[in-house]
1. In whole Å, what are the Cα extents of the chain along the three principal axes, biggest one first?
2. Please work out the C-alpha center-to-center distance from the range 276-310 to the range 31-46 and express it in whole Å.
3. Scan the chain and note any complete DSSP helix (H) whose C-alpha atoms cover at least 15 Å along its axis and whose Kyte-Doolittle average is 0.0 or more.
4. Return the distance in nm (one decimal) between the two label points of a simple spin-label model at Val192 and His165, each offset 7 Å from Cα along Cα→Cβ.
5. So for Val275, Val144, fewest C-beta neighbours within 10 Å to most, what's the order?
6. Compute the length gained on full extension between Leu17 and Leu282: take 0.36 nm times their separation in residues and subtract their Cα-Cα distance, giving the result in nm to one decimal.
7. Going by how many other Cβ atoms sit within 10 Å of their own, how do Asp316, Asp288 line up, fewest first?
8. At what distance in nm do the modelled label points of Thr8 and Val204 sit from each other, each positioned 7 Å from its Cα along Cα→Cβ?
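Rule-based calculations on the coordinates, nothing more; no lab input. In this text the structure is predicted, and so the values were computed from the model without any measurement. Please note: Cβ atoms are built from the backbone with ideal geometry, for glycine as well, and neighbour counts cover all protein chains shown.
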Amino acid sequence: MLKKINRTVFPYLIGFLGGYIFNLCHIPLAWILGPMSFLIIWRSIFSDKSRFTQPNLLKNGSFVILGISFGLSFTKETFLLVGPYIMPFLMATILLIFFSVLNGIFISKFANIDRNTSIFASIPGGLTEMVAASESVQANSSLVTIFQTVRLLTVVFLVPFTILHMFDPESAQQTMVAVTHNTSVISFGWYVIAGFVGWMLRKVLPASYVIGPLLTTALLNIIGLSLPIFHEFFIIFAQVSIGVGFGLMITIHDLKNGGKYCGLYFISTVLLIGVSFGFGYLFTLFTDLALGTAMLSFAPGGLVEMVLTASSIEADPAIVSSLQFIRLLFIISFVPSILKFSMKRIQNKKLSA
């Protein structure tokens, strides 16, 4: 029992240390990137001490806390504002996916990687979903995992850093700072319901432990209930927990296995980020969205990371979370099936020929 506790507590101690140091250095998303970086380095150096664990309760509970905090930023005006953007946003998302597929095909032409593997490694979707879908078309799922990890690391480090230096806020804003005094402790019971909704949707909705509580809290907030705000410690703990999860998932050894091809997917991801920022800029020309909000809405990153970055530059976290959710849902729901169908048709045509 003591060993199990140590395997759980120790990575969090490393995580808080990493987050604190990154925070002192004013690095974007310090409480996520710090724990992730320190744990990746620790597990790569001390391989015999790398058998850490993270209970699902802590990981999912952290997502619930952040989902609730994001939901508190929603108002009635948010839904009225986002509605007209959905169709043009989806069209732009399809173009970004098409660009990613072309990137994957282009890399496969110049590298010793089959086309199916390269395409699934380039799509900005969920790592788990892309790996699972790649297996059904006989792609190399190990390489897909490695290259998707490279894409994930590139986006999580590069996008917040770029956005924060582009807009250079005078003072970064925390998502939530203190518990309000005009609400009773009993009102936290609404958040139990929000977490339960996330658990109920875990098999039908991507990132359900973020999105379920987010939508539930947004609805409660809109109908006028007085909801309490989490103390800053809980927001920091939730971010550290997510960083610990990333750190336990990724090792330098995995990246080395990808060899020289990791550089190609790094460049591919940088190009994708550049194109997504370009779409964000174009979006501001035809809508009244602020530039930072539009760029983070199109950025091929995780919903949590992009919304936290939006809070830091005083962009609209509610709009960013709404559009990022639409993008995530579209990619995970339709893209793997469409790619599998298209690739199998191409393979069947080759066989018949």
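1. Sorted largest first, the three principal extents are 72, 54, 40 Å.
2. Using only Cα atoms to place each centre, the spacing works out to 28 Å.
3. Working: long enough: 2-24 (32 Å, 0.69); 30-45 (22 Å, 1.39); 56-71 (22 Å, 1.03); 86-110 (36 Å, 1.99); 141-167 (38 Å, 1.66); 189-200 (17 Å, 1.26); 208-222 (20 Å, 1.41); 232-249 (26 Å, 1.76); 261-286 (38 Å, 1.71); 317-352 (51 Å, 0.73).
The answer, listed by residue number, is 2-24, 30-45, 56-71, 86-110, 141-167, 189-200, 208-222, 232-249, 261-286, 317-352.
4. 4.7
5. On the way: Val275 18, Val144 26.
Lowest to highest Cβ neighbour count: Val275, Val144.
6. Numbers: separation 265, 0.36 × 265 = 95.40 nm, distance 4.04 nm.
Result for the pair: 91.4 nm of gain on full extension.
7. On the way: Asp316 22, Asp288 6.
By the 10 Å Cβ count, ascending: Asp288, Asp316.
8. Placing both labels 7 Å along Cα→Cβ, they lie 3.1 nm apart.
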